[in-house]
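Participant: The structure that follows is given in the form of C-alpha cells.
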Amino acid sequence: MSIHLMCLTSDGGVPIYSKKKGDCENLPFSTIASLNGVHMFCKSQNVDLSITYLEEGMIIWKEYDGTLMMIGIAKGITEKVLRNLMDFSYYSMVFCVGIAAIKKIKNIDRFKRELKNCYTLIDQLLEVVESDFFRYNEAVLCPESMAMLVKLNEFSVQIGSPFCSILIRQKVACGTEGWWDLDIVDRKLLMVLLNASSTIQQDVPVFLPKKSPGIAYRFISIPITQGVSICALCGAEPPYDKLQTMSQQFWMNEIDLLITAEQNYPKNYPATVELDSSILGFLLMSKEHSKYVISRNVHLTNTGKRTLSGNHRLDILRTFFHQSVDAMEDMFRDGDKVINLEQYWCSDYHKCHALLEGQNILCVLYTSAIPTHIMRLVTQKTLNTLVSDKDVCW
C-alpha cells in the first residue's frame, strides 16, 4: 500500500502541503506540477478530469471551493477510501482555519502557518487509513450506557450545551440527541483531534465543516476517570476551569457506574453476550448514527488451538467491509433502498458473512469449519443479541 496526498492552489498551482504513506518515494515538484498542469489543461478545454487508473493504482483530482486542488495517488486501497481521505483532508483544513480563510487566500505563507495544527490531523488520517472507517465513529456497547445517557442529558442542561458525549478509551459509549444530530464529518474530526493529541484534556476552537464552517465552537474534553471522558461543544462561556469543576462535582456520585462501563473495554461489547463458538470476530455498524463496534471473540483466544491472531481477525473484517460490503452497496442501490442485503466470502482458513437489516450492518468472521448455509442464521441471531438489549444505547 502506498499513498501520495498533495494540496495546491487552484489558480497558480502553488504547493500547500504534500504527504505520503507506505512504500513510496517523495514526489519531486516537477511531477506534482505536471499532474496539476494536466488537470488545468483539461479544465481549460471544459473536460472534467477526476480520475485515471494506473496498472496497480489510481490518480484522483478534486477541486474544493475554487481555490484548492487536491491530488491523490494510491495503490492497495479502494477508490472510495482514497476519495474519503481527500475529502477529510480538506475538511480538516476547514476544521482548523474556517471556510473564509480557504475561500479567500490572501497570503500563501501566512495560510500555511495557519494550517500548522491541521497537518497533525492529516497525518492521523493517513496513519489509520487502512484500519478506520471514515464515515463512521467507533463506539462501544455497554449495558450501563442507558443509565449514563440519563445523567449525560442532565449534565448537558447544566452546562448549556446540547452536544455532549461520554467516551470510553476514545470510543463513544453514549451521546445526547444533539451529538448524534451532528454530521458524521464533524463528529469524526472531533475524534481525530482527540486521537492525534497527546492529552485527553482539550479546550480548542474548531470550525465544524458541516454545521458551522464560518463560526468557531469550543471543543471541550474533560477526563473523569483514567479511561472515561466527557466531550462537549460550547460557546465562549463558561471557562474551562469552571467546566472542569462542574464536571467533577456532577459525576462524583457516578464514578462506580463509569468504572463498571469502562470494563467493557477492550472487548467492546457486554460480558453477558456469548458469541457462537464459530465466530472469530464481528463488525457492527449503525447507518442511522454512523457508528461502529469492532471486536473479536475473546473466548477463542486462549483455546490452545491454532487460530488467527486478534489483530489479524480485525484486519480481515475491515478488508471484507471495504472490498465487498461497502463497494457492492453502491452497485446494488435502487434509490434509498439497497437490493443486495447479504455478502459472502469463503476461503480455506475462514469465512465472512455480512447482513444488512434495517439501519444495521453486521459483518461476521467465522471459522472455515462452519457450513456456509448456517452462517445466515448465526449472523441473524448475533445481530439480534447485540442490538436488542434495552440498556444498551444503539
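Participant: Just to verify a number: FRET efficiency for residue 50 and residue 181, C-beta to C-beta distance, R0 = 30 Å, to 0.05?
Facilitator: 0.40
Participant: Charges only on Cβ, +1 for Lys and Arg, -1 for Asp and Glu: so what's the dipole of the stretch 14-155 about the Cα centre, in debye to the nearest 20?
Facilitator: Using Cβ point charges on Lys, Arg, Asp and Glu, the stretch 14-155 gives about 680 debye.
Participant: A follow-up question, please. Could you put 376, 113 in order of accessible surface area, largest first, with the 1.4 Å probe and the full protein assembly present?
Facilitator: 113, 376
Participant: For P(r) over Cα pairs in 20 Å bins from 0, in percent, the choices are [x] 25, 54, 21, 0; [y] 28, 63, 9; [z] 27, 56, 17, 0; which was calculated from the structure?
Facilitator: Entry [x].
Participant: Setting aside same-chain residues fewer than 8 positions from residue 19, which aspartates and glutamates have a Cα under 15 Å from its Cα?
Facilitator: 87, 123, 127
Participant: Does a label point 7 Å from the Cα of residue 272, set along Cα-to-beta-carbon, have any residues of the stretch 371-387 with amide nitrogen under 15 Å, and which are they?
Facilitator: 385-387
Participant: Report the gain in length on full extension from residue 1 to residue 153: 0.36 nm times residue separation, minus Cα-Cα distance, nm rounded to one decimal.
Facilitator: Numbers: separation 152, 0.36 × 152 = 54.72 nm, distance 4.37 nm.
Full-extension gain reported as 50.4 nm.
Participant: Taking every Cα atom in the stretch 117-166, find the radius of gyration and the maximum pairwise distance Dmax, and write them in Å.
Facilitator: Both quantities, over Cα of the stretch 117-166: 15.6, 40 Å.
Participant: Which FRET efficiency, nearest 0.05, do residue 211 and residue 348 yield, Cβ-Cβ r, R0 41 Å?
Facilitator: Rounded to the nearest 0.05, the efficiency is 0.30.
Participant: To continue, here is another question. Only four residue types carry charge here, +1 at the Cβ of Lys and Arg and -1 at the Cβ of Asp and Glu. Report the dipole size of the chain about the Cα centre in Debye, rounded to the nearest 20.
Facilitator: It works out to roughly 500 debye.
Participant: Residues with amide H under 5 Å of residue 210's amide H, sequence separation 5 or more or different chain, H placed in the peptide plane at 1.01 Å from N; which?
Facilitator: Amide H neighbours of residue 210, under 5 Å, 5+ apart: 186.
Participant: Given the DSSP H assignment, sum -39500 (n - 2.57) over each helix run of at least 4 residues in the chain and divide by its residue total; what's the result at 222 nm in deg cm²/dmol, nearest 500?
Facilitator: It lands at -11000 deg cm²/dmol.
Participant: Please return the longest stretch of the chain lacking exposed loop sites, where GluC sites (Glu not before Pro) count only if DSSP places them in a loop and at most 14 other Cβ atoms lie within 10 Å.
Facilitator: Longest site-free region, per DSSP loop and neighbour criteria: 57-273.
The values are calculated or read from the model by the stated rules, or taken from the named source; none is laboratory data. Computed from a prediction, not measured in an experiment: that's the story for all the values here. Methodologically, a virtual Cβ is constructed for each residue, glycine included, from the backbone with ideal geometry; neighbour enumeration extends over all protein chains shown. Side chains are part of the model used for accessible areas, which takes the heavy atoms of the whole protein and leaves out ligands, DNA and RNA. Shrake-Rupley method; radii C 1.70, N 1.55, O 1.52, S 1.80 Å.
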